[in-house]
Amino acid sequence: SHVMSEYVRMTDTERDQIDQDAQIFMRTCADAIHQLRTEAHKGVQSAQVKDHRTAVLDFIEDYLKRVCKLYSEQRAIRVKRVIDKKRL
């Protein structure tokens, strides 16, 4: 009860700004991964180094996809709540 009284809710404007910033950040990360992927093998002769870089970039890209999916699921929940609230 005491904790809830001190809890300040975020405004819809703040949530929208966070959503916008998150989308920009995710796009920036995806672009950076793509750029790294195109530059990863330049000047490298070793197949082992190429394989390692490819594996690392695949891992990073997969992680970003999982983060994006989680973000999308959370945003869908928020949108559903707003729609449900408007129906009432």
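The values are calculated or read from the model by the stated rules, or taken from the named source; none is laboratory data. Computed from a prediction, not measured in an experiment: that's the story for all the values here. Note that we place each Cβ from the backbone using ideal geometry, even for glycine, and neighbour counts take in every protein chain shown. Just so you know, the surface numbers come from the protein's heavy atoms only, side chains and all, with ligands and any DNA or RNA stripped out. Shrake-Rupley method; radii C 1.70, N 1.55, O 1.52, S 1.80 Å.
Of the residues in the stretch 21-40, how many are open to solvent by less than 70 Å² (accessible area, probe 1.4 Å) and within 18 Å of K69 (Cβ to Cβ)?
6
Would a scan of the stretch 8-20 turn up a residue that is modelled with pLDDT under 90 and open to solvent by less than 80 Å² (accessible area, probe 1.4 Å)?
Within the stretch 8-20 (the criterion being modelled with pLDDT under 90 and open to solvent by less than 80 Å² (accessible area, probe 1.4 Å)), the answer is yes, since at least one residue qualifies.
Provide a single number: the residues in the stretch 41-88 that are within 23 Å of Q23 (Cβ to Cβ), among the basic types (K, R) and open to solvent by less than 90 Å² (accessible area, probe 1.4 Å).
The total comes to 1.
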